[in-house]
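S.K.: Just dropping this structure here.
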Amino acid sequence: MGTKARVEAPRLWIVLTRCHRAISQIAERSIEDAGLCLTDFAALEALLHKGPLTITEIQGKVLLASGSMTAAVDRLEEKGLVRRGPARGDRRAKVLHLTPEGQRVVEVAFRRHAAELDSAMAVLKPSEKRQLYGLVKKLGLFAAGAIAETVRQKEISK
């Protein structure tokens, strides 16, 4: 396809979906040796880079349903990778902390994960990565806004 050819939205969606699927497979494979699934890794990675967080805060960062997040935290706690502690100002909430073993596991897993994703994206120049990042973010924010507006309109019409 030439660079001037028009790309219709359905075709672009297919390309984005296929790209996401391929990159996701690489991401999942990159953390398998650590004995983690993507959900557990995402929670640990949030704690690694953001510090102690409540389950709700992690859930918002990794975009998981409440039940999935609770199951992930239970698994991580059973493995000794996180511990729950009290949250300041809210006796009902629990703050998650990485244990020393959790810190070690996620640091090793993250280094491998980052290296494999870097390798998978080596086809792109740094300027192309920045451009792609900006375009995908712009598209995602626009789509999220359109969904929110649709929901708002449905609520108003009830």
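The values are calculated or read from the model by the stated rules, or taken from the named source; none is laboratory data. This is a predicted model, so every value here is computed, not measured. Using ideal geometry, Cβ is built from the backbone for each residue, glycine included, and neighbour counts are taken over all protein chains shown. To get the accessible areas, we keep the full protein, side chains included, count just its heavy atoms, and leave off ligands, DNA and RNA. Shrake-Rupley method; radii C 1.70, N 1.55, O 1.52, S 1.80 Å.
S.K.: Determine how large the accessible area of THR54 is when every protein chain is in place; take a 1.4 Å probe and give Å² rounded to the nearest 10.
M.R.: 30
S.K.: If you don't mind, there's one more thing I want to ask. Which whole-number percent is the relative contact order of the chain (Cα, under 8 Å, 6+ apart)? Present the calculation step by step, with values, prior to reporting the outcome.
M.R.: Working: 117 pairs, mean separation 35.0, N = 158.
Worked out over the chain, it gives 22 percent.
S.K.: Under 5 Å between amide hydrogens, which residues at least 5 positions from LYS94 or on another chain qualify, with H placed 1.01 Å from N in the peptide plane?
M.R.: ILE55
S.K.: Work out, in µm²/s and without decimals, the Stokes-Einstein translational diffusion coefficient of segment 66-146 at 37 °C, 0.692 mPa s, Rh from Kirkwood over C-alpha pairs.
M.R.: 203
S.K.: Same structure again: Please work out how much accessible surface LEU38 shows to a 1.4 Å probe, ignoring ligands, DNA and RNA, in Å² rounded to 10.
M.R.: 70
S.K.: Okay, helix-only estimate at 222 nm for the chain: each DSSP H run of n ≥ 4 adds -39500 (n - 2.57), divide by all residues, round to 500 deg cm²/dmol; what do you get? Spell out each step's value before the answer.
M.R.: Numbers: 6 runs with 111 residues, N = 158.
Only helices count here, giving -24000 deg cm²/dmol.
S.K.: Using a 1.4 Å probe over the heavy atoms of the protein chains, calculate the carbon and sulfur portion of the accessible area of the chain as a whole percent. All intermediate terms of the calculation are to be shown ahead of the outcome.
M.R.: Values: 6710 of 11450 Å².
Looking at the chain in its full context, I get 59 percent from C and S.
S.K.: Taking a quarter of the surface of the Cα convex hull of segment 19-112, what do you get in nm²?
M.R.: On the way: hull surface 24.3 nm².
Directional mean of the projected Cα hull area for segment 19-112 stands at 6.1 nm².
S.K.: Still on this structure, I have one more. For LEU36, which sequence-distant residues (separation of 5 or more, or a different chain) have an amide H within less than 5 Å of its own amide H, given hydrogens modelled in the peptide plane?
M.R.: Residues meeting the amide H criterion: none.
S.K.: Another question, then. Could you give the angle, 0 to 90 degrees to the nearest 10, between helix 9-32's Cα long axis and the longest principal axis of the Cα atoms of the chain?
M.R.: 30
S.K.: Among [x] 10, 33, 36, 18, 3; [y] 10, 40, 35, 12, 2, 0; [z] 9, 28, 30, 23, 9, 1, 0, only one was calculated for this model; which label is it, if the read-out is P(r) over Cα pairs in 10 Å bins from 0, in percent?
M.R.: [z]
S.K.: Moving on to the next point. Please list, ordered by chain and number, the residues whose modelled amide H lies under 5 Å from the amide H of VAL82; skip anything fewer than 5 residues away on the same chain.
M.R.: GLU77, THR99
S.K.: Report Rg (one decimal) and Dmax (nearest whole number) for segment 47-94, counting Cα atoms only, units Å.
M.R.: My reading of the Cα-based Rg and Dmax gives 10.5, 28 Å.
S.K.: With a 1.4 Å probe and all protein chains left in place, how much accessible area per residue does the chain have, in Å²?
M.R.: Values: 11450 Å² over 158 residues.
Here the per-residue accessible area is 72 Å².
S.K.: Ordered by residue, what ³J(HN,Hα) values in Hz, to whole numbers, does segment 117-125 give under the Karplus form 6.51 cos²θ - 1.76 cosθ + 1.60, where θ = phi - 60° and Gly and Pro are x?
M.R.: 5, 4, 5, 5, 9, 4, 5, 9, 6
S.K.: Which one, ILE23, ILE55, ALA34, projects farthest toward the positive side of the charge dipole computed for segment 1-115 from Cβ point charges (K/R +1, D/E -1)?
M.R.: ILE23
S.K.: Moving to a separate point now. When the Karplus curve 6.51 cos²θ - 1.76 cosθ + 1.60 is applied with θ = phi - 60°, which whole-Hz ³J(HN,Hα) does each residue of segment 78-84 get, with x for Gly and Pro?
M.R.: 4, 7, x, 8, 9, 9, 8
S.K.: Among all lysine pairs in the chain that are eight or more places apart or on different chains, how many have alpha carbons less than 26 angstrom apart?
M.R.: Summing the qualifying lysine pairs gives 22.
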